[in-house]
Amino acid sequence: ASRKAEIVGTSSRSLGTLFSAVQLLFCVAWANVAILLLVRGLARRGELDLRSALGATRGRLFALLLGEACLPPAVGCLLGLGAGWFAVSSLQQIDPSLLPRAYEVGFTPTLVLWAIGVSLGAVLVFATLPAWAATRSTQTQLATTRATDRRTRRLSGRLVAAQVALVIP
């Protein structure tokens, strides 16, 4: 038998379900963040138009919004790793008769890299679309504000629909 089968035993299916639920919760949380980033970027349309009029390229505006979107996940990743480290240390203090093999639970460099990678991936996936939508409006597109607003409402509606679809089984 493999090491994984030896460790997991008969709880493999339960652990898989738990892991899937955590991933689903993560996706719902990031859908919320994407909607908030979209609304925030659109609320800053005037500022972005002014920056554009002063010579900022769309790429530079996009990089600005994407850079601002990186701070909350970085803080969240660090807080999550800290909470996880605390939880693992607490697990190791439990009486071994209550929780067998608790001493085997620990932090590994692979776990830390995985957490950082997931946070970075979430930023790239869920922050890119709002940043792209917010930078679509430039000084030359002010005449088409109504069409842009309609497209933005549709995009926001699609994000909400995706979030609801993730929650409803």
Of all residues in the range 1-21, count the ones that are closer than 20 Å to Glu104 by Cβ and within 26 Å of the chain's Cα centre (by Cα). 5
Taking the range 46-61 as the search range and keeping residues that are outside any helix (DSSP H, G or I) and among the aliphatic types (A, V, I, L, M), which one is nearest to the chain's Cα centre (by Cα)? Ala56
Which residue is nearest to Ile7 (Cα to Cα), if the candidates are limited to the range 83-108 and must be surrounded by 10 or more Cβ atoms within 10 Å (Cβ to Cβ) and among the polar types (S, T, N, Q)? Gln92
Reported set for the range 79-121 where residues are among the small types (Gly, Ala, Ser) and part of a loop (DSSP other than H, G, I, E, B) is Ser97, Gly106
Residue hits (the range 35-60; farther than 12 Å from Pro130 by Cα and of a type in the set (Val, Ile, Thr)) are Thr57
Scan the range 26-35 and give yes if some residue there is under 14 Å from Ser119 (Cα atoms) and without any contact (Cβ under 8 Å) to a residue 12 or more places away in the chain, otherwise no. yes
When only residues in the range 1-25 that are at pLDDT below 80 and among the hydrophobic types (A, V, I, L, M, F, W, C) count, which is most open to solvent (accessible area, probe 1.4 Å)? Ala1
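The values are calculated or read from the model by the stated rules, or taken from the named source; none is laboratory data. All values reported here derive from a predicted model rather than from experimental measurement. Using ideal geometry, Cβ is built from the backbone for each residue, glycine included, and neighbour counts are taken over all protein chains shown. Please note that ligands, DNA and RNA were not included when accessible areas were found on the heavy atoms of the full protein model with its side chains. Shrake-Rupley method; radii C 1.70, N 1.55, O 1.52, S 1.80 Å.
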